[in-house]
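The values are calculated or read from the model by the stated rules, or taken from the named source; none is laboratory data. Remember, it's a predicted structure, so these values are computed and weren't measured experimentally. Methodologically, a virtual Cβ is constructed for each residue, glycine included, from the backbone with ideal geometry; neighbour enumeration extends over all protein chains shown. The accessibility values were calculated without ligands, DNA or RNA, using every heavy atom of the protein model including side chains. Shrake-Rupley method; radii C 1.70, N 1.55, O 1.52, S 1.80 Å.
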Amino acid sequence: MKLVYRILILIVALTVLSVWTFRMKASSIFRGGSATNMIEEFEAYGLSETQMYVVGTFKILAAILLLLGLRFPKLVVVGASTMGVFMIGAISMHISIGDGIIPTLPSSWMLFCCITILLLHKRLHINMGNG
């Protein structure tokens, strides 16, 4: 169970770091609307470039907290909770512009991973007596 917990943390953190760094300008079938990069995707949602950078900053910070949480477990709760809230926002943005399942799938998967991380965190740390 601890291995699954760690793998999920790595999946969420590394995926988010990848998307918000070297893949920001890359085209993807997962982009909202007809966007070919992150700026166009945020424009499709009716959001500004400034809002994109604010969201990106918080997502990167949450990803870093998740990674640090591998060493300092209390940080996992903050990182996974923050990321989960942003994933709920991402899902709602996809729905608001009528995106189908394919563009909505990554944020839905990330939300599922964040919820699972939080549940496993609680179970692992209660079992360890670190409740």
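Of the residues making up region 98-113, just one is in a loop (DSSP other than H, G, I, E, B) and more than 14 Å from ILE29 (Cβ to Cβ), namely GLY98.
SER18 - would you say it is polar (S, T, N, Q) and in a helix (DSSP H, G or I)?
Yes.
Looking at ARG31, ARG71, ARG6 in this structure, which one is open to solvent by 60 Å² or more (accessible area, probe 1.4 Å), charged (D, E, K, R), at pLDDT 95 or above and assigned to a loop (DSSP other than H, G, I, E, B)? Answer to the check: ARG71. Of all residues in region 71-93, which are without any contact (Cβ under 8 Å) to a residue 40 or more places away in the chain and within 13 Å of the chain's Cα centre (by Cα)? Of everything in region 71-93, those that are without any contact (Cβ under 8 Å) to a residue 40 or more places away in the chain and within 13 Å of the chain's Cα centre (by Cα) turn out to be VAL78, SER81, THR82, GLY84, VAL85, PHE86, MET87, ILE88, GLY89, ALA90, ILE91.
So which of GLY79, GLY100 is surrounded by 19 or more Cβ atoms within 10 Å (Cβ to Cβ) and out of contact with any Asp or Glu (no Cβ under 6 Å at 6 or more places or on another chain)? Reasoning before the result, please.
Numbers: GLY100 fails: surrounded by 19 or more Cβ atoms within 10 Å (Cβ to Cβ).
On inspection, the qualifying residue turns out to be GLY79.
Taking first residues from region 1-27 that are touching a residue at least 12 places away in the same chain (Cβ under 8 Å) and partners that are in a helix (DSSP H, G or I) and basic (Lys, Arg), the Cβ contacts under 7 Å between residues at least 6 apart in sequence or on separate chains come to VAL16/LYS59; TRP20/LYS59.
For every residue, the table says whether it meets (1) at pLDDT below 95; (2) among the β-branched types (Val, Ile, Thr); (3) open to solvent by less than 80 Å² (accessible area, probe 1.4 Å); (4) closer than 17 Å to GLY100 by Cβ.
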site	(1), (2), (3), (4)
GLU40	no, no, yes, no
GLU43	no, no, no, no
SER48	no, no, yes, no
GLN51	no, no, no, no
VAL54	no, yes, yes, no
THR57	no, yes, yes, no
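Among the conditions (1) touching a Phe, Trp or Tyr at 6+ places or on another chain (Cβ under 9 Å); (2) within 20 Å of LYS122 (Cα to Cα); (3) exposed (fewer than 15 other Cβ atoms within 10 Å of the Cβ), ALA63 misses just one, which is (3). Taken over region 35-88, the criterion of being among the basic types (Lys, Arg) and under 20 Å from THR21 (Cβ atoms) is satisfied by LYS59 alone.
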